[in-house]
1. Restricting attention to segment 222-266, and to residues there that are crowded, with 17+ Cβ neighbours inside 10 Å and not hydrophobic (A, V, I, L, M, F, W, C), which single residue is nearest to residue 43 (Cα to Cα)?
2. Could you go through segment 112-125 and let me know if any residue there is under 21 Å from residue 258 (Cβ atoms), surrounded by 17 or more Cβ atoms within 10 Å (Cβ to Cβ) and touching a Pro at 6+ places or on another chain (Cβ under 7 Å).
3. Need the failing condition index for residue 192 against (1) at positive phi; (2) touching a residue at least 24 places away in the same chain (Cβ under 8 Å), just the number.
4. Where in segment 90-185 are there strands (runs of 3 or more DSSP E), lying wholly inside it, with at least 3 residues that are over 30 Å from residue 14 (Cβ atoms) and either without any contact (Cβ under 8 Å) to a residue 40 or more places away in the chain or out of contact with any Lys or Arg (no Cβ under 9 Å at 6 or more places or on another chain) (or both)?
5. Does residue 13 qualify as being closer than 28 Å to residue 193 by Cα, among the small types (Gly, Ala, Ser) and touching a helix residue (DSSP H, G or I) at 6+ places or on another chain (Cβ under 8 Å)?
6. For segment 236-244, does any single residue satisfy the condition of being in contact with a Pro (Cβ under 8 Å, 6 or more places away or on another chain) and not in a loop (DSSP other than H, G, I, E, B)?
7. If only one of 132, 149 is of a type in the set (Ser, Thr, Tyr) and more than 14 Å from the chain's Cα centre (by Cα), which one is it?
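The values are calculated or read from the model by the stated rules, or taken from the named source; none is laboratory data. Given the structure is predicted, the values throughout are model-derived calculations rather than measurements. Note: ideal-geometry Cβ built from the backbone for every residue, glycine included; neighbour counts use all protein chains shown.
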Amino acid sequence: MAMTDPSTSPKNAAFTMHQQQFICGIDNPLYEKFWNRVNRGQWEPETLQTFDTCLNENMVTVDIGAWIGPTTLYASRKCRKVYAFEPDAVAFAELKKNVANNNIENVELFNLAIDFQKSDRCLYKKTAFGDSMSSFIDVAGAAEFQKISSDRLDNLVAADVLAGDVFYKIDIEGYEYDLMPKLAYLFNNKKCILYLSVHPMILAGVAKGNRLLRSWNTAKKTLALRKALPFDQCSRSNIQLFYDIFMGVLFRRHWKLDNMSLLLSHGRGGR
């Protein structure tokens, strides 16, 4: 059970994330439920373990799709600097509060999306803005959207930073299929590591054809995404990735695909 911190607003409470304690906002019941899951160790333990394994005090983390801040907060204790990007205005307001609640000074926040060019875009809600599932892909046929700004990462973060030891965590709710091949130039840096969430069920949800065809095409596009990224090491082999996506979409194994992430790095000549 999370304990309320009397030194802060009653809308905040203390939570433990992988043996690290943070003060987080709970005014929204959705966020209180989420942080309680974190407190019980039930939220993405493999993600936090990946951060423990990959991050060190000399690294920079680029958190694209930061939501309300679980990975941003955790990375701030593990590396020297975090650049966090969240386009959803509702989620960003909560992210900003959570960073302030913890007096974190090595995080720089951006209320915008990363894209291959500077532009304005529509961000569609799935159930509600701020719920972590807002996307550039209008899966739910949403009538509501936010007009958000996007920009190139190299317009916002110095070139010498991006050329150093960088850990990219990217979770952008299905837009990775369009965006990541266009960002491949960033990953030519042999010192960088990428932790990429893929969302094949979102892609399959807007695809045409019967389920077998949609499963095949979604697996094929996911494999093409992997091959477009200039890393020679991946936490899943190409064969395993194709199989997992194909079978997951075909048999609607949401629990296997909703939190699928790939850890990609450079081998010989890299870290």
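1. Of all residues in segment 222-266, those crowded, with 17+ Cβ neighbours inside 10 Å come to 222, 225-226, 229, 231, 234, 236, 241-242, 244-246, 248-249, 257, 260-266.
Narrowing the set further to residues that are not hydrophobic (A, V, I, L, M, F, W, C) leaves 222, 226, 236, 244, 248, 261, 265-266.
Details: 222: 24, 226: 25, 236: 21, 244: 21, 248: 21, 261: 14, 265: 24, 266: 28 Å.
Of everything passing the filter in segment 222-266, 261 is nearest to residue 43 (Cα to Cα).
2. Here is the first cut: in segment 112-125, the ones under 21 Å from residue 258 (Cβ atoms) are 123-125.
Add one more test, that the residue is surrounded by 17 or more Cβ atoms within 10 Å (Cβ to Cβ), and what stays is 123-125.
Filter once more, keeping what is touching a Pro at 6+ places or on another chain (Cβ under 7 Å): 123.
Within segment 112-125, one or more residues are under 21 Å from residue 258 (Cβ atoms), surrounded by 17 or more Cβ atoms within 10 Å (Cβ to Cβ) and touching a Pro at 6+ places or on another chain (Cβ under 7 Å).
3. Exception for residue 192: condition (1).
4. Counting at least 3 such residues, we get 119-124, 145-151.
5. Numbers: closer than 28 Å to residue 193 by Cα: no; among the small types (Gly, Ala, Ser): yes; touching a helix residue (DSSP H, G or I) at 6+ places or on another chain (Cβ under 8 Å): yes.
Answer is no for this residue.
6. No, every residue in segment 236-244 fails to be in contact with a Pro (Cβ under 8 Å, 6 or more places away or on another chain) and not in a loop (DSSP other than H, G, I, E, B).
7. 149
Matching residues to (1) β-branched (Val, Ile, Thr); (2) surrounded by fewer than 17 Cβ atoms within 10 Å (Cβ to Cβ):
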| site | (1), (2) |
| --- | --- |
| 130 | no, no |
| 153 | no, no |
| 157 | yes, no |
| 161 | yes, yes |
| 167 | no, no |
